[in-house]
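Single-structure report; data block below.
The values are calculated or read from the model by the stated rules, or taken from the named source; none is laboratory data. The shown structure was predicted, so the numbers you read here are calculated from the model rather than taken from an experiment. Cβ placement follows ideal geometry from the backbone for every residue including glycine, while neighbour counts extend to all protein chains displayed.
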Amino acid sequence: MLPSPYTPGDLPRVFVGRDRERDLLKEPLARVIAFGEMGGPLAIVTGPRGLGKTSLLREVASLAESEGFVTVWISGLKHQPFLSELVDQITRALRRAGIEQEQRRTRLESLTLEVGIGLAKVGAKLATTSGSSVLPAPGLLGPLEELLHESSTAIRDQGGAGLLIVIDELHAPLEARGGRDATPEPAPLIDAAALLNVIQNMGGDRRRYPLAIIGAGLPQTKTALTYAATFGERVKEIVLSGFDKQASEALLTEAARPLGVTWAEDARALAVERAAGYPQALQIVGDAAWRVAAPVLGGVVRREHVEAALPIVDEAMGSMFRTRWEVATDHERSVLRAMADIDGERVERGELAARLGVASDDLGMVRRSLIQKGIIEPAGRGLLRFTIPGFDDFVREQ
């Protein structure tokens, strides 16, 4: 038996289905390479969990490194500041890249210390102004800009393309703790404000900064960024959706191709129908069918293998559904039940409110909470939908 090439819950082995989005993220990299200047404003990839945001960023980061970029990668943590981690990872990445000149290394270390002190000052100020709005300290922005300038130009001067900063899970630091106030926690909000202001300032003198900054997060990420700075609305947003039929089939067949295994047409059709365009579900179906088929070199995954694997798929998807159901409050579950009882993939907010016997505006808080938990997502003006295909059937069974 050949090992399964499918990776449920992990990065895929073969990148498919996101060529357009990958090309959009390559544009700022090309600008850095060609002109030695900043690649543009912050670009973020948004979408529900399981659609491949992290996989897309990893693919772009790998391409960037092959083009001579030094890549800095961080992942946001829930309600936690992130700038200090970013600064630390920049210095580590430069050390790995071998920035050797003593004078420049001393300058970078000095700037790193200066930024760290600035972050500490902001933290101290926040501790004494609990509940009030605090703007990023001007003394922090300058050193941070200089650190990014020195870091990116050091890479460029040594023959590299520049610096790529990747911030995954960007929504996590900016999530509100709940209740009626949707404002993010003060400390990460300050970090986001500082980052957005620095990006804005660098754009005015872009030739000093051969770098690009990209991120990813849940659908509410851009809205959360506007709490940090009103010009957060200028962030370039790339919204991911589910795979179409062609991309879904490619995910199954291209992963198996290097092992000399093919999929019968009717087997592909059943697997694609079951996954309903959800990349994570495609990985689960592919993995389960592979284990049933136990193919050898030149083998074929057939429809009967997929049919036999469906109970395994249902169990795996059910586990995912139960996890999301269990984090919902009783009130949120009543809203989910009402959504599930309305026909169609998209649910009108007004119709949902009518079923619950409340005013549409009264759904604001519970809607926000369910979006933050990744259970539902906006699907257009006044429209909502479940983030995972099949979750409505699961809710009805409850």
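Take the stretch 360-373 and flag every residue that is in contact with a helix residue (DSSP H, G or I) (Cβ under 7 Å, 6 or more places away or on another chain) and touching a residue at least 60 places away in the same chain (Cβ under 8 Å).
The answer is S369, and nothing else.
Please pick out the residue among L174, L240, L251 that is farther than 30 Å from R291 by Cα and under 24 Å from the mean Cα position of the chain (by Cα). Give the steps one after another, and end with the answer.
Values: L240 fails: farther than 30 Å from R291 by Cα; L251 fails: farther than 30 Å from R291 by Cα.
None of the others qualify; the one that does is L174.
Considering only the stretch 227-243, state which residues are out of contact with any strand residue (DSSP E or B) (no Cβ under 9 Å at 6 or more places or on another chain) and either crowded, with 16+ Cβ neighbours inside 10 Å or touching a residue at least 60 places away in the same chain (Cβ under 8 Å) (or both).
Selection gives Y227, A228, A229, G232, R234, S241, G242, F243.
In this structure, does E145 turn out to be of a type in the set (D, E) and at pLDDT below 90?
Taking the combined requirement at face value, the residue does not satisfy it.
Report yes if some residue within the stretch 377-387 is part of a helix (DSSP H, G or I), touching a residue at least 40 places away in the same chain (Cβ under 8 Å), surrounded by 20 or more Cβ atoms within 10 Å (Cβ to Cβ) and in contact with a Gly (Cβ under 8 Å, 6 or more places away or on another chain); otherwise report no.
No, the stretch 377-387 contains no residue that is part of a helix (DSSP H, G or I), touching a residue at least 40 places away in the same chain (Cβ under 8 Å), surrounded by 20 or more Cβ atoms within 10 Å (Cβ to Cβ) and in contact with a Gly (Cβ under 8 Å, 6 or more places away or on another chain).
Taking I90 as the residue in question, decide whether it is in a strand (DSSP E or B), at negative phi and either free of Cβ contacts under 8 Å to residues at least 24 places away in the same chain or out of contact with any Gly (no Cβ under 8 Å at 6 or more places or on another chain) (or both). It would help to see each step written out before you state the result.
Details: in a strand (DSSP E or B): no; at negative phi: yes; either free of Cβ contacts under 8 Å to residues at least 24 places away in the same chain or out of contact with any Gly (no Cβ under 8 Å at 6 or more places or on another chain) (or both): yes.
Against the criterion (in a strand (DSSP E or B), at negative phi and either free of Cβ contacts under 8 Å to residues at least 24 places away in the same chain or out of contact with any Gly (no Cβ under 8 Å at 6 or more places or on another chain) (or both)), I90 does not qualify.
If you take the residues of the stretch 188-242 that are charged (D, E, K, R) and touching a Gly at 6+ places or on another chain (Cβ under 8 Å), which of them is modelled with the lowest pLDDT? Before the answer, list the steps.
Going residue by residue through the stretch 188-242, those that are charged (D, E, K, R) are 191, 205-208, 222, 233-234, 236-237.
Filter once more, so that each one left must be touching a Gly at 6+ places or on another chain (Cβ under 8 Å): 207, 222, 236.
Details: R207: 94, K222: 91, K236: 94.
Only one residue tops the list, namely K222.
Quick one: I342 ticks every box in (1) surrounded by fewer than 13 Cβ atoms within 10 Å (Cβ to Cβ); (2) in a loop (DSSP other than H, G, I, E, B); (3) not aromatic (F, W, Y) except a single one, so which number is it?
(1)
Does P173 meet the test of being assigned to a loop (DSSP other than H, G, I, E, B), assigned by TED's automatic domain parsing to the domain that holds E109 and modelled with pLDDT under 90?
No; evaluated as a whole, the condition is false for this residue.
Can you name every residue in the stretch 8-24 that is touching a residue at least 60 places away in the same chain (Cβ under 8 Å), buried (at least 17 other Cβ atoms within 10 Å of the Cβ) and not aliphatic (A, V, I, L, M)?
Listed by number, the residues that qualify are P8, P12, G17, R18, E21.
For (1) of a type in the set (D, E, K, R); (2) free of Cβ contacts under 8 Å to residues at least 60 places away in the same chain; (3) farther than 17 Å from G50 by Cα; (4) touching a Phe, Trp or Tyr at 6+ places or on another chain (Cβ under 7 Å), each residue gets a yes or a no:
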position: R268; (1), (2), (3), (4): yes, yes, yes, no
position: Y278; (1), (2), (3), (4): no, no, no, no
position: G286; (1), (2), (3), (4): no, no, no, yes
position: S319; (1), (2), (3), (4): no, yes, no, no
position: L336; (1), (2), (3), (4): no, yes, yes, no
position: A340; (1), (2), (3), (4): no, yes, yes, no
position: E345; (1), (2), (3), (4): yes, yes, yes, no
position: E351; (1), (2), (3), (4): yes, yes, yes, no
position: V358; (1), (2), (3), (4): no, yes, yes, no
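Go through L56, L77, L29 for me and flag whichever is part of a helix (DSSP H, G or I), in the same structural domain as H171 (by TED's automatic domain parsing) and closer than 25 Å to N197 by Cβ.
L29
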